[in-house]
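The values are calculated or read from the model by the stated rules, or taken from the named source; none is laboratory data. This one's a predicted model, so the numbers in the text were calculated from it and none came from an experiment. We place every Cβ from the backbone using ideal geometry, glycine too, and count neighbours over all the protein chains shown. Side chains included, ligands, DNA and RNA excluded: accessible areas come from the protein's heavy atoms. Shrake-Rupley method; radii C 1.70, N 1.55, O 1.52, S 1.80 Å.
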Amino acid sequence: MSTPGFSLPRPASAQQSAALPRVDRLGALLTLLGAAGLFLLPFVTFKANRILPGDPRGLAQVLPVWATCGCWATLAAVAAVVLFAVNAPLRLAAALAGIVVTGTALAAAANALTPAHNLIVRVAAGAGFWLLLAALGLLAADAITRMRPGPGTRVLLLAAFLGAVGLTLAQGTFDNVSVMREYAVNAAAFAVAARQHILLSLGSLGAAVIVSLPLGIFCHRVPRLQPGVLSALNIIQTIPSIALFGILMAPLGALAAHVPLAAAVGIRGIGAAPAALALFLYSLLPIVANTVAGLKRVSPATVEAALGMGMTRRQTLMSVELVLALPVVLTGIRIVLVQNIGLVTVAALIGGGGFGTFVFGGIGQAATDLVLLGAIPTVVLAFSAAVLLDALVERLDRVPQ
Amino acid sequence: MIVIENLTKRYGETMAVDAVSMVIERNSIAVIVGTSGSGKSTLLRMINRLIEPTGGRVLLDGRDTGSEPGYQLRRRIGYVIQGHGLFPHRTVAENIGTVPRLLAWEEDRIRARTAQLLEALQLDPAVYSGKYPHQLSGGQQQRVGVARALAAEPAVLLMDEPFGALDPIIREKAQDDLLDIQRKFGTTIVLVTHDIDEAFRLGDRVAVMSEGRLLQYDRPEVLVTRPANPLVARMTGSAERAMRLLSLTTAGEAALPLTAGESGADAIVVPTSASLREVLSELLWRGSECATVADANGAPLGRLTVAAILARARPA
Ligand SMILES: Nc1ncnc2c1ncn2[C@@H]1O[C@H](COP(=O)(O)OP(=O)(O)OP(=O)(O)O)[C@@H](O)[C@H]1O
Ligand SMILES: [Mg+2]
């Protein structure tokens, strides 16, 4: 078939869209999801105490009529915008308005259902709330993507988002929502867990970078070793995390038992040491592989020119090869950081600390709120790390090959 | 002056370069030609010790190049490769300043030198200094590659198929520019090419290589008139040798003096820089017997006849 045959349908559909407004496909899907969340699923669940099963409540059952109607009207307006408007900033504004309204409705519902000074009753966000929030979040993400913000703008957006969430929480807006109740009880433990979580993921990443970069450079220089090293690291990567934590418990425990110095610096069969070691091992492959790939993408002519002009091997490596490979290496580091932030959660099983403590504690006590108290910050942390490092990679990769 | 003595490189069983000896005079252009895999690049890279020789040595102005660290030697020798090898993450000016920076020149001097070179290569410094290599055309990238190699005022410039990636018209322009530059800076140039026409056009002397050995190294007209062996004859193109010989002489060199009474008023006027091959072609095309050779102002200096040109198409 000839090319003109392919190009024919295009003007036709363009005319069609001029005649009658096109419905945005993603907008339609997400509107359906949001509507389902709003009308078919409970917006909040009411529990007489922390562990009892919840009693589902719709928005209309909890809020006064005027508030419910206001909420529905705003969300209907949001739906209209995302269904028909193409303007990305407008879509973003609509999604944000939707998120504010939904959040306010949750806070209001929690306040309405909680008797004054009652710290036993729990009002949790229901499936409907989460579905609506997810739909609105996806809409906001889609609108931001359509605006193609530069790396700097994306970091600013992230900071604005975190700042807004932080301020709202600090204001006490959601204090009657069950997760925040759980937080109030565990505030001190939360701070400790956050510190452990960040330290473990960044520390193991740092150690892995220190080892992986030279290893990657070495593999690049001595291609014969490459398959061996990479498959060895690959095998580590295929061991399930819980199994790896378990495997490491025995030797580290033995080490602590027999070498007093090891025990003195905090190395034990359980706790942070095996967790850090396991995370470190998991981190090696992505960084080594990406270092090799990044160095490989530097054109041999560029390296030859560098040497030919009298740069030493070291200068060539530092100021040409590594600089050009950096975006790819950073992509590996991004993978590792996001992966580690998730894996640290599992490390709580062997006493590694971090937000996983809440997750597993919550599972043990059948307390969903406690699980969320661990899971939500983990997700926010991983998301922030991804946005930051993506921005950094894009920033450094301005110069094409 | 570069003196190459018995230079040899062996890779296992392969003799990439086999006991090559040659002398490259100061301020001259030596061109190395040969089939693919004949050892041209290896020979060139042993001059700046990007490749360490298995045997033999290279003297640069009387001094053994093995007597200092390789990277220091290379900072004194310009190097241009096919596909230029510009640093994609650095601007044109930063690329050109590479070696001066390695040599710790002062920034003012680097800036002045960069501007001078860009102008010499017909790139406006105001426009091109801050551009990145990917924003330039292939021909411009190639010129920046040459400027970068010349930045630290090297006495010697090594070029490995520097024009290989250019289209024929830009390539011819680049060759002319190189000749200008060579005259201007008095650089000694060793250039590797596949292209025998390029070799004849640029080389004061041409080295023909095959399977690692140097078959002949001499002035271009000697390669045509007295090839050392059949392979050289084949490479210089025996079918075309008469025309090739004509292309090596300019109208200015071959012009017959104007005898008294001759006005120099032939219908065809050629510049002194035209090659005899071009003049002959023009005469045949116009069906004419004589042409006037004139200087840049159009003043007649002498004349050329078809017979006089044909006489030069045979070995002396
Ligand atoms: N690092 C190396 N290891 C083994 N053999 C090599 C190496 N480098 C070059 N050779 C061999 O040495 C010979 C000469 O190679 P060289 O690159 O000098 O050829 P060339 O004349 O420049 O060829 P071309 O015109 O294709 O660039 C070839 O047979 C090549 O295979
Ligand atoms: Mg070569």
| Flag for B:THR65 being within 15 Å of ligand 1 (Cβ to nearest atom), closer than 21 Å to A:ALA305 by Cα and within 14 Å of another protein chain (Cβ to nearest Cβ) | no
| task | Please indicate, with yes or no, whether at least one residue in the range A:142-151 is of a type in the set (Gly, Ala, Ser), over 30 Å from A:LEU230 (Cβ atoms) and not assigned by TED's automatic domain parsing to the domain that holds A:ILE341. | result | yes
| For B:LEU103, which of the numbered conditions (1) under 26 Å from B:ILE169 (Cα atoms); (2) in contact with a helix residue (DSSP H, G or I) (Cβ under 7 Å, 6 or more places away or on another chain) fails to hold? | (1)
| field | From B:ARG148, B:ARG113, B:ARG143, residue being touching a residue at least 60 places away in the same chain (Cβ under 8 Å), among the basic types (Lys, Arg) and closer than 29 Å to B:ILE2 by Cβ | value | B:ARG148
| request: Could you please let me know if B:TYR71 is within 14 Å of ligand 1 (Cβ to nearest atom), open to solvent by 60 Å² or more (accessible area, probe 1.4 Å) and over 26 Å from B:GLY237 (Cα atoms)? | output: no
| Options A:THR316, A:THR291: the member that is crowded, with 23+ Cβ neighbours inside 10 Å and more than 9 Å from chain B (Cβ to nearest Cβ) | A:THR291
| request: Could you tell me whether the range B:152-172 includes any residue that is open to solvent by less than 30 Å² (accessible area, probe 1.4 Å), more than 16 Å from ligand 1 (Cβ to nearest atom) and away from every other protein chain (no Cβ under 14 Å)? | output: yes
| said: Checking the conditions here, which among B:LEU7, B:LEU44 is within 15 Å of ligand 1 (Cβ to nearest atom), open to solvent by less than 10 Å² (accessible area, probe 1.4 Å), touching a residue at least 40 places away in the same chain (Cβ under 8 Å) and not in a strand (DSSP E or B)? | reply: B:LEU44
| message | Residue pairs, Cβ under 9 Å, 6 or more apart or interchain, first in the range B:171-195 and outside the structural domain of B:ARG205 (by TED's automatic domain parsing), second among the aromatic types (Phe, Trp, Tyr). List them. | response | none
| query | Which one of these does B:GLY56 not meet: (1) within 16 Å of ligand 2 (Cβ to nearest atom); (2) open to solvent by 10 Å² or more (accessible area, probe 1.4 Å)? | reply | (1)
| query | B:GLY83 versus (1) within 16 Å of ligand 1 (Cβ to nearest atom); (2) within 14 Å of chain A (Cβ to nearest Cβ); (3) surrounded by fewer than 17 Cβ atoms within 10 Å (Cβ to Cβ): which is the lone unmet condition? | reply | (3)
| From the list A:LEU285, A:LEU279, A:LEU322, which residue is surrounded by fewer than 19 Cβ atoms within 10 Å (Cβ to Cβ) and in a helix (DSSP H, G or I)? | A:LEU322
| message | of a type in the set (A, V, I, L, M, F, W, C), outside the structural domain of A:ALA35 (by TED's automatic domain parsing) and either crowded, with 18+ Cβ neighbours inside 10 Å or over 23 Å from A:ALA67 (Cβ atoms) (or both): is that true of A:ALA85 in this structure? | response | no
| query | Just wondering, is there one or more residues in the range B:86-99 that are within 9 Å of chain A (Cβ to nearest Cβ) and open to solvent by 40 Å² or more (accessible area, probe 1.4 Å)? | reply | yes
| remark: Note: among A:GLY332, A:GLY354, just one is touching a helix residue (DSSP H, G or I) at 6+ places or on another chain (Cβ under 6 Å), in contact (Cβ under 8 Å) with a residue 24 or more places away in the chain and outside any helix (DSSP H, G or I), namely A:GLY354
| remark: Taking the range B:184-210 and the residues there that are away from ligand 2 (no atom under 16 Å from the Cβ), outside any loop (DSSP other than H, G, I, E, B) and of a type outside the set (D, E, K, R), the one that is farthest from the other protein chains (Cβ to nearest Cβ) would be B:PHE200
| query | Since B:LEU258 meets every condition but one in (1) in contact (Cβ under 8 Å) with a residue 24 or more places away in the chain; (2) open to solvent by 80 Å² or more (accessible area, probe 1.4 Å); (3) assigned to a loop (DSSP other than H, G, I, E, B); (4) not polar (S, T, N, Q), which condition does it not meet? | reply | (2)
| task | Give the number of residues within the range B:128-151 that are aromatic (Phe, Trp, Tyr) and away from chain A (no Cβ under 12 Å). | result | 1
| note | Counted residues in the range B:23-37 being in contact with a helix residue (DSSP H, G or I) (Cβ under 7 Å, 6 or more places away or on another chain) and within 16 Å of ligand 1 (Cβ to nearest atom) come to 4
| Looking at this structure, is A:ALA159 within 18 Å of A:ALA94 (Cβ to Cβ) and assigned to a helix (DSSP H, G or I)? | no
| said: I'd like the full set of residues that are aliphatic (A, V, I, L, M) and at the interface with chain B (Cβ under 7 Å from one of its Cβ atoms), limited to the range A:299-313. | reply: A:ALA301, A:ALA305, A:LEU307, A:MET309, A:MET311
| said: Just to be sure I understand the filter: pairs with C-beta atoms under 7 Å, separated by 6 or more residues or on different chains, first member in the range A:266-294 and in the same structural domain as A:GLN226 (by TED's automatic domain parsing), second member surrounded by fewer than 21 Cβ atoms within 10 Å (Cβ to Cβ) and of a type in the set (Ser, Thr, Tyr). Which pairs pass? | reply: A:ALA278/A:SER241; A:ASN290/A:THR331
| note | Condition set in contact (Cβ under 8 Å) with a residue 12 or more places away in the chain and assigned to a loop (DSSP other than H, G, I, E, B), scope the range B:211-242, selection nearest to ligand 1 (Cβ to nearest atom): answer is B:GLY212
| said: Going by what's in this entry, would B:ILE47 be described as within 14 Å of another protein chain (Cβ to nearest Cβ), within 16 Å of ligand 2 (Cβ to nearest atom) and within 22 Å of B:ARG205 (Cβ to Cβ)? | reply: yes
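Per-residue answers, yes or no, for (1) within 14 Å of chain A (Cβ to nearest Cβ); (2) closer than 16 Å to B:LEU158 by Cβ:
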position	(1), (2)
B:ASN27	no, yes
B:GLY39	no, yes
B:GLY56	no, no
B:ARG75	yes, yes
| task | From A:GLY364, A:GLY356, grab the single residue that is surrounded by fewer than 17 Cβ atoms within 10 Å (Cβ to Cβ) and over 21 Å from A:TRP130 (Cα atoms). | result | A:GLY364
| said: So, A:THR102, is that one polar (S, T, N, Q) and in contact with a Lys or Arg (Cβ under 9 Å, 6 or more places away or on another chain) or not? | reply: no
| task | Those residues that are open to solvent by 20 Å² or more (accessible area, probe 1.4 Å), more than 10 Å from chain A (Cβ to nearest Cβ), more than 24 Å from the chain's Cα centre (by Cα) and not aromatic (Phe, Trp, Tyr), I need them from the range B:102-123; list them, please. | result | B:ALA104, B:GLU106, B:GLU107, B:ASP108, B:ARG109, B:ARG111, B:ALA112
